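One structure is given below, encoded as structure tokens.
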């Protein structure tokens, strides 16, 4: 998709991948089903993992997709 200049789709797939990863961490650490939301920052807050300001900005920007 990158070569075909399908950039929006590439960004969407990146967002989905990170969302699935965070939800897997919630399931593993909390032993509960993750919430059915898509905001990466809200999901990350459930993990208890500290992220840098740069990572916060990245997660917020990526959540738009």
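Using just the helices of the chain, give the 222 nm mean residue ellipticity in deg cm²/dmol: DSSP H runs with n ≥ 4 each add -39,500 (n - 2.57), and the total is spread over all residues, rounded to 500. Show your work: numbers first, answer last.
Numbers: 3 runs with 43 residues, N = 65.
Helix contribution divided over all residues of the chain: -21500 deg cm²/dmol.
Calculate how steeply helix 53-63 sits against the longest principal axis of the alpha-carbon atoms of the chain, using the helix alpha-carbon long axis, and give the answer as 0 to 90 degrees to the nearest 10.
Here the helix axis deviates by roughly 70 degrees.
Show me the ranking of peptides 37-43, 55-61 by mean Cβ neighbours inside 10 Å, starting with the highest.
37-43, 55-61
Could you state the angle between the C-alpha long axis of helix 7-30 and the longest principal axis of the C-alpha atoms of the chain, as a value from 0 to 90 degrees rounded to the nearest 10?
The angle comes out at about 10 degrees.
Can you tell me the relative contact order of the stretch 7-63? Whole percent, Cα pairs under 8 Å, sequence separation 6 or more.
34 percent
Report which label in [x] 12.8, 40; [y] 11.6, 34; [z] 10.2, 29 holds the value of Rg and Dmax of the Cα atoms in Å derived from the coordinates of this structure.
Given [x] 12.8, 40; [y] 11.6, 34; [z] 10.2, 29, the calculated one carries the label [x].
Any read-out appearing in this document is the output of simple, stated calculations on the displayed coordinates, not a laboratory observation. Note that the structure is predicted; figures quoted are calculated from it, not measured. Here Cβ is always computed from backbone atoms with ideal geometry, including for glycine, and neighbour counts include all displayed protein chains.
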